[in-house]
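Quick one: the structure is below, questions incoming.
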Amino acid sequence: MKRSFARALSRLHRKLHAFEEREDAPAFGAKGPGSVVKMPSMLLNPERLHLGRDSYIHPYCRIEIITANPHLDGPPLPPVDARIVIGDRVVINSFTHFGAMQRITLGDDVGIASGVCIEDHHYLFEQASTERPLKKQPFRVAPVTLEQGCMIGEHAVILPGVTVGANSWVGANAVVTEDVPAYSIVAGVPAKVIRRMDPASGEWERVRAAVRKPAAPRKKRS
């Protein structure tokens, strides 16, 4: 019984992962030689996904290029040519989620660990009310760029408008809310630079946290 179940599971696994070789496999905007997109994965508007050479997307990823508001009663999206552009020799591990309403760009030799979330949009919330819940609010949309050679650790989150500089490292579980300088290591929530390469020596140096000045003592009331 166990052997027959294992054989059936193995056959199903082979069929799922051979999906990209079938005639009804998704058509991409561009797919360079040597690049592989393993299935099963969720791909929304794959014709807007552009892949360079020798890149590899592991199975069970969720890659959405959004051209219409997913909520029927929500406001229309800005008229932009939404795309995800991935360079050469990029590796994206399983359970990663990309959501693009404008542009997400990955440079050459970028590495994405499992469970990473990168989105170029989020709901505005300043005018939220009982009559206008969040799903009826407009979006803030700003492109995200990961420059050449940077690495994104497991379960990190990259928020709209962020640029991660070349050869930088984003630590696991970090939430990146602002740009990361090139040749830096960031960690935490929100992410802060903890190491940076000295351009003169080429050595990675710790970045000291800013020391807060003690508050002035309060004057006693007479």
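The values are calculated or read from the model by the stated rules, or taken from the named source; none is laboratory data. A quick note: this is a predicted structure, and the numbers were derived from the prediction, not measured. Backbone-built Cβ (ideal geometry, glycine too); neighbour counts: all protein chains shown.
Among the residues of the stretch 33-81, how many are surrounded by fewer than 13 Cβ atoms within 10 Å (Cβ to Cβ), of a type in the set (D, E, K, R) and assigned to a strand (DSSP E or B)?
So the count comes out to 0.
Matching residues to (1) buried (at least 16 other Cβ atoms within 10 Å of the Cβ); (2) of a type in the set (S, T, N, Q):
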position: Arg83; (1), (2): yes, no
position: Gln102; (1), (2): yes, yes
position: Tyr123; (1), (2): no, no
position: Ala156; (1), (2): yes, no
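Same structure, new question: Mind listing whichever residues of the stretch 118-143 are more than 19 Å from Asn167 (Cα to Cα), of a type outside the set (D, E, K, R) and in a strand (DSSP E or B)? Give the steps one after another, and end with the answer.
Of the stretch 118-143, the ones more than 19 Å from Asn167 (Cα to Cα) are 119-143.
Applying the additional criterion that residues be of a type outside the set (D, E, K, R) yields 121-125, 127-130, 133-134, 137-139, 141-143.
Across the stretch 118-143, the qualifying residues are His121, His122, Tyr123, Phe139, Val141.
Another question about this same structure. Starting from the stretch 185-198, keep only residues that are acidic (Asp, Glu), then list their pairs with residues that are at pLDDT 95 or above and surrounded by fewer than 17 Cβ atoms within 10 Å (Cβ to Cβ) whose Cβ atoms are within a distance under 8 Å, requiring at least 6 positions of separation or different chains.
none
Inside the stretch 88-100, can you point out the residues that are part of a loop (DSSP other than H, G, I, E, B) and surrounded by 21 or more Cβ atoms within 10 Å (Cβ to Cβ)?
Filtering the stretch 88-100 down to residues part of a loop (DSSP other than H, G, I, E, B) leaves 88-90, 93-96.
Residues satisfying the conditions are Val90, Thr96.
Show the residue pairs that are 6+ apart or on different chains and have beta-carbon atoms under 6 Å apart, the first residue being within the stretch 99-113 and under 18 Å from Gly32 (Cα atoms), the second being among the hydroxyl-bearing types (Ser, Thr, Tyr).
Note: pairs meeting the criteria are Thr105/Thr145.
Go over the candidates Glu131, Glu178 one by one and state the one that is surrounded by fewer than 17 Cβ atoms within 10 Å (Cβ to Cβ), free of Cβ contacts under 8 Å to residues at least 12 places away in the same chain and either over 20 Å from Val85 (Cα atoms) or not aromatic (Phe, Trp, Tyr) (or both).
On the way: Glu178 fails: free of Cβ contacts under 8 Å to residues at least 12 places away in the same chain.
Criteria check complete, one pass: Glu131.
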